[in-house]
1. Charges at C-beta only: +1 for Lys and Arg, -1 for Asp and Glu. How large is the resulting dipole of region 112-197 about its Cα centre, in Debye rounded to 20?
2. Modelling each spin label as a point 7 Å along the Cα-to-Cβ direction, I'd like the residue 104/residue 247 distance in nm, to one decimal.
3. For the modelled label position 7 Å from the Cα of residue 254 along Cα-to-Cβ, which residues of region 182-217 have backbone nitrogen atoms closer than 14 Å?
4. Using a 1.4 angstrom probe on heavy atoms only, work out the carbon and sulfur share of the accessible area of region 1-126 in %.
5. Quick one: how many Å² of residue 227 are accessible to a 1.4 Å probe, rounded to 10?
6. Please list 199, 181 from largest to smallest accessible area, probe radius 1.4 Å, with all protein chains kept in place.
7. Report Rg (one decimal) and Dmax (nearest whole number) for the chain, counting Cα atoms only, units Å.
8. Using θ = phi - 60° and the Karplus relation 6.51 cos²θ - 1.76 cosθ + 1.60, list the HN-Hα couplings for region 6-20 in order, rounded to whole Hz, with x at every Gly or Pro.
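The values are calculated or read from the model by the stated rules, or taken from the named source; none is laboratory data. Just so we're clear, the structure is a prediction, and the values are computed from it rather than from any experiment. As a convention, Cβ positions derive from the backbone with ideal geometry for all residues, glycine included, and neighbour counts pool all protein chains shown. What goes into the accessible areas is simple: the full protein's heavy atoms, side chains included, and nothing from ligands, DNA or RNA. Shrake-Rupley method; radii C 1.70, N 1.55, O 1.52, S 1.80 Å.
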Amino acid sequence: MAKGTRLSGSTLLITGGGSGLGRRMALGAARRGSRVLVWDVDAAAGAAVRDEIRAAGGQAEAQAVDVTDREAVRAAAAQAGPVDVLVNNAGVVSGRRLLDATEEAIERTMNVNVLALYWVTRAFLGGMVQRGHGTVVTIASAAGMVGVARQTDYSASKFAAFGFNESLRAELRADHTGVNTLVVCPYYINTGMFDGVQTRWPRILPILGEEDVAAAVLDAIEAGRRKLVLPPLVNLLPVLRVLPVSVFDRVMDVLGVNRTMDHFTGRKGSRTGEPLG
Ligand SMILES: NC(=O)c1ccc[n+]([C@@H]2O[C@H](COP(=O)([O-])OP(=O)(O)OC[C@H]3O[C@@H](n4cnc5c(N)ncnc54)[C@H](O)[C@@H]3O)[C@@H](O)[C@H]2O)c1
């Protein structure tokens, strides 16, 4: 087991901390004694989480940051100072078939879910390496382990996030930096990002509760875990790739994975940059 980072007394920065899973992790980390820095492109949402934490007696700051804007990330990081835990959580989805998605929505998914990982992590990693401690968390997805219909942009971006974490982990270990990484791959969570999705087998592939996922991530950071897959069954899905493609596809059909997005509505257009029809 790698070295965990105690949340009590630490500084934890979370991107996309203004809503959903990010908000839950921010509130939970503050309860465990972290000073929490909330970054969100939605200034009002980030400020509301800051105020919620302060009202409960915790320590928090909020910065309105678009994580795809390299200059803004650099400036905000200089203002934020050193952090012990970085949670790369901001994410978007278009949720359309490849031919129905706009080019802008596809580009946005890649910018937020992939390229921003580089800009934000590079802004804080040097300090962690220098201090010989810290944890970089990448919120990927089960969709980063198996491709899902109507998620060509999202799945590809989360495969990239998964690969980003794995390469970074290798690099940090090879250089004996003492900095840990954690990748998180949840199936659907009830945050509203995937409103309308349905699961065929809720007992084995449930729609997860955002509070449970947030608590599991915070536990994993403290325990020094390097991978968190929820529910654990999802860990088996990529293993099926050793089988012929026809068998792999058949298993996905039986599990209903590629029908989950049939009734997807999304929470609101702001998540995709365009109104969802
Ligand atoms: N909801 C799910 O089913 C699910 C499943 C697996 C993984 N995830 C991942 O969990 C993470 C959190 O998702 P969520 O479900 O809480 O969604 P959410 O939409 O509730 O939260 C995402 C947050 O990211 C912020 N954001 C978007 N673009 C940004 C940008 N350019 N700069 C800064 N902030 C930005 C949004 O304002 C929002 O507050 C995402 O990475 C998502 O891909 C979600």
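1. With only Lys, Arg, Asp and Glu charged at Cβ, the dipole is about 120 debye.
2. 4.6 nm
3. Backbone N within reach: 201.
4. Using a 1.4 Å probe with all protein chains present, region 1-126 comes out at 49 percent carbon and sulfur.
5. The value for residue 227 is about 80 Å².
6. Result of the area sort, largest leading: 199, 181.
7. 18.0, 55
8. 5, 7, 4, x, 9, 10, 10, 10, 10, 7, x, x, x, 7, x
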